[in-house]
Amino acid sequence: MAGVDWEKAYHDLENHIEAIMKETSELVNNASPKLKMNEVYVSKTNTLDVIIDATGDKMEYAIDLIDRKGKKETVKTGYQKSNTFSFDIPDGRYSITAYAKESLKENSRVFEKISVNFKRVLNDE
Amino acid sequence: MQKYLMICNAYPTLENLYANSFLHRRVKAYQQKGLDVDIVVITTKVLKDKYYDGVHIKYMDEYQIASFLKANDYSTVLFHFINKKMFYGIDQLDAEERPNIAVWLHGFEAEAWHRRYYNFLENISQLDNALERKDTVFETQKEFLQDIMTRNDLNIKFIYVSRRFKELYVDPYVGVVPDNYHIIHNIIDDELFQYHKKSADDRLKICSIRPFTAKNYANDITVEVIKQLSRKKYFHKLEFNIYGDGKLFNVLTNPLKQFENVTLHKGFVKQNDIPLIHKDHGIYLGPSRHDSQGVSLGEAMSSGLVPVTNAIGGIPEFITHKETGMLAARDNVTEMVEHVEYLYKHARKFKKISEQASKSIKQQAGLETVISKEIEVITNGWS
């Protein structure tokens, strides 16, 4: 059985390496960031404030706020461009599902669930 | 009389005239030479038999092919664009019942996953998809080819469309070389692409007929070449006609709209219309990043056009620089511009290259040359 001329094949492939690297460089430089959820920040003041930190391209954000005791109806904010939410709600235990998606891509969505024990912090003004 | 069976992935029909039309060209030529050839197209759909231009086409899945081979006594089976499923029927036969096997290797079915990297580095999901296919498609195909190239229980021959395609693309992918192989080029139909003597003025008329579906067709280079030529004093004397269709046509050719001497013809060009276009031009601007042979270049050469292209893949096996065409290095726009300029400045040389190109390609890959070689391989030399 005759053999493969590996040397000839290598030199041909080597001719491509610069072009492969240039194409890859273009791809990396033009690539949009990959969608991911970084952190959901909660601050408790007079209101329950939530900030969604996520990475992606042309982002939209939403929150589902669920009263753990079921006294208050679940709040579904729907998607918005701002990543900051403020809820004027009674004290209690809540579950928060924070969503982030890329508006131009279908079926792109990441989410994170957290629990919050909310108690209003009243300002002494 | 011995019977032959061709198993392939697609065959032209009245509804789809251009699916592997080069296979039909072969089958008609085989028939003219007295060979009795049946056609089976592998499919997962249930399809009725079809008839096209005197050829009976059957559609079968791998299990139907296995039954069909058991029920019929074919002396030789001819495979085009082979894969494991197509070969399943052969493996179901007892060793002594197996027919002779001829496998044509054309291109994508025998190349490494990374060969056309420029076609999947456009975005991350394409790259991810290619990496997945590397394991799920390319590895399986490689193991299959290794298997049939090294087995002792098969009477099998391999036909590569060019030596460079074999040595640069197929051998390093598969990792083994079969004992029994032949280099037979794809047909350049010199009956359809007849030579028409070119005048000196014809070198001013430049055409390109290429799909605009992927980057391997290098239409971006054609555009860059024309843009660089536009800075030359003689540019206004040149006339360009760009033919083709595909998702990249508008985006790539947009910069050419500013030039009065560049005409864009967006649309699929029928095979029978190409000789008419060839007749009106002297230079075929056909850069390429990947070609196992370069059939469209060969067709242009047959008609008497001087090809300006790249020394990549199988192309240098068919074009000798400044003798039968002009070759630039991979992706080298400046060299291609210099080559067009050379032809512009050397009218007599242009005419000579034109004549030599046609003669050379006819001798190398003309209908009669290719069919004689194929019939010899199909009908003789089986152990």
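The values are calculated or read from the model by the stated rules, or taken from the named source; none is laboratory data. Remember, it's a predicted structure, so these values are computed and weren't measured experimentally. Neighbour counts run over all protein chains shown; Cβ positions are idealised from the backbone, glycine included.
Being surrounded by fewer than 22 Cβ atoms within 10 Å (Cβ to Cβ), aliphatic (A, V, I, L, M) and assigned to a loop (DSSP other than H, G, I, E, B), is that true of even one residue in region B:274-296?
No: zero hits.
Inspect all residues belonging to region B:337-357 and state whether any of them is within 23 Å of B:Lys166 (Cα to Cα), in contact (Cβ under 8 Å) with a residue 24 or more places away in the chain, of a type in the set (A, V, I, L, M) and outside any loop (DSSP other than H, G, I, E, B).
No, there is no match, as no residue in region B:337-357 is within 23 Å of B:Lys166 (Cα to Cα), in contact (Cβ under 8 Å) with a residue 24 or more places away in the chain, of a type in the set (A, V, I, L, M) and outside any loop (DSSP other than H, G, I, E, B).
Would you check which residues across region B:107-160 are charged (D, E, K, R), away from chain A (no Cβ under 11 Å), touching a residue at least 24 places away in the same chain (Cβ under 8 Å) and closer than 25 Å to B:Thr213 by Cα and list them?
B:Glu109, B:Glu111
Of the residues in region B:68-94, how many are part of a helix (DSSP H, G or I), of a type in the set (A, V, I, L, M) and closer than 29 Å to B:Thr136 by Cα?
Within region B:68-94, residues that are part of a helix (DSSP H, G or I), of a type in the set (A, V, I, L, M) and closer than 29 Å to B:Thr136 by Cα number 3.
Given the structure, is B:Val170 more than 23 Å from B:Tyr117 (Cβ to Cβ) and of a type outside the set (Phe, Trp, Tyr)?
no
For B:Ala218, indicate whether it is aliphatic (A, V, I, L, M) and more than 18 Å from the chain's Cα centre (by Cα).
no
Please tell me if A:Asp64 is of a type outside the set (Gly, Ala, Ser), within 14 Å of another protein chain (Cβ to nearest Cβ) and either on the phi < 0 side of the Ramachandran plot or free of Cβ contacts under 8 Å to residues at least 24 places away in the same chain (or both).
no
Given the conditions (1) modelled with pLDDT under 95; (2) surrounded by 15 or more Cβ atoms within 10 Å (Cβ to Cβ), report the number of the one that B:Ile371 does not fulfil.
Of the numbered conditions (1) modelled with pLDDT under 95; (2) surrounded by 15 or more Cβ atoms within 10 Å (Cβ to Cβ), the odd one out for B:Ile371 is (1).
Would you tally the residues in region A:1-41 being more than 7 Å from chain B (Cβ to nearest Cβ), within 30 Å of B:Ile148 (Cα to Cα) and either surrounded by fewer than 10 Cβ atoms within 10 Å (Cβ to Cβ) or touching a Gly at 6+ places or on another chain (Cβ under 6 Å) (or both)?
2
Identify all residues within region B:169-205 that are within 14 Å of another protein chain (Cβ to nearest Cβ), touching a residue at least 24 places away in the same chain (Cβ under 8 Å) and either closer than 26 Å to B:Ser372 by Cα or aromatic (Phe, Trp, Tyr) (or both); write none if there are none.
Of everything in region B:169-205, those that are within 14 Å of another protein chain (Cβ to nearest Cβ), touching a residue at least 24 places away in the same chain (Cβ under 8 Å) and either closer than 26 Å to B:Ser372 by Cα or aromatic (Phe, Trp, Tyr) (or both) turn out to be B:Tyr169, B:Val170, B:Tyr173, B:Val177, B:Pro178, B:Asn180, B:Tyr181, B:His182, B:Ile183.
Just the residues that are in contact (Cβ under 8 Å) with a residue 60 or more places away in the chain, surrounded by 12 or more Cβ atoms within 10 Å (Cβ to Cβ) and among the aliphatic types (A, V, I, L, M), please, taken from region A:69-125.
A:Ala98, A:Ala100, A:Val110, A:Ile114, A:Val116
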